[in-house]
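Trainee: Quick one: the structure is below, questions incoming.
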Amino acid sequence: MLVLTRRAIAGDHSAIRIGDDIEITVTEIRGDQMRIGINAPRSTNVHRAEVNLQSKQENRDAPSH
């Protein structure tokens, strides 16, 4: 796991690149909340971890025909 620490600078939108076509940008920090933006190709699924886990669980629990 890569862990980065950046100093918050007003107006600075720090970004992280993953490969050539995915960029994660810190768009806002307000109190204890952070907003991030993710630019990725439409063919790349982007989900919060808990949503992805819930979806996998629902698919496992679904009856197969």
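The values are calculated or read from the model by the stated rules, or taken from the named source; none is laboratory data. Just so you know, these numbers come straight off a predicted model, no measurement behind them. Methodologically, a virtual Cβ is constructed for each residue, glycine included, from the backbone with ideal geometry; neighbour enumeration extends over all protein chains shown.
Trainee: Within the stretch 16-28, which residues are over 20 Å from H47 (Cβ atoms) and surrounded by 13 or more Cβ atoms within 10 Å (Cβ to Cβ)?
Mentor: Matches in the stretch 16-28: none.
Trainee: A further question on this structure: May I ask you to list the residues in the stretch 31-57 that are part of a helix (DSSP H, G or I) and over 27 Å from R6 (Cα atoms)?
Mentor: If we filter the stretch 31-57 for residues that are part of a helix (DSSP H, G or I), which is where we start, we get 49-57.
Selection gives V51, N52, L53, Q54, S55, K56, Q57.
Trainee: Okay, next question. Taking the condition of being at pLDDT 90 or above and among the small types (G, A, S), how many residues in the stretch 1-47 meet it?
Mentor: Selection size over the stretch 1-47: 4.
Trainee: Restricting to the stretch 47-65, name every residue that is within 23 Å of I22 (Cα to Cα), out of contact with any helix residue (DSSP H, G or I) (no Cβ under 9 Å at 6 or more places or on another chain) and of a type outside the set (G, A, S).
Mentor: Within the stretch 47-65, R48, E50, V51, N52, L53 qualify.
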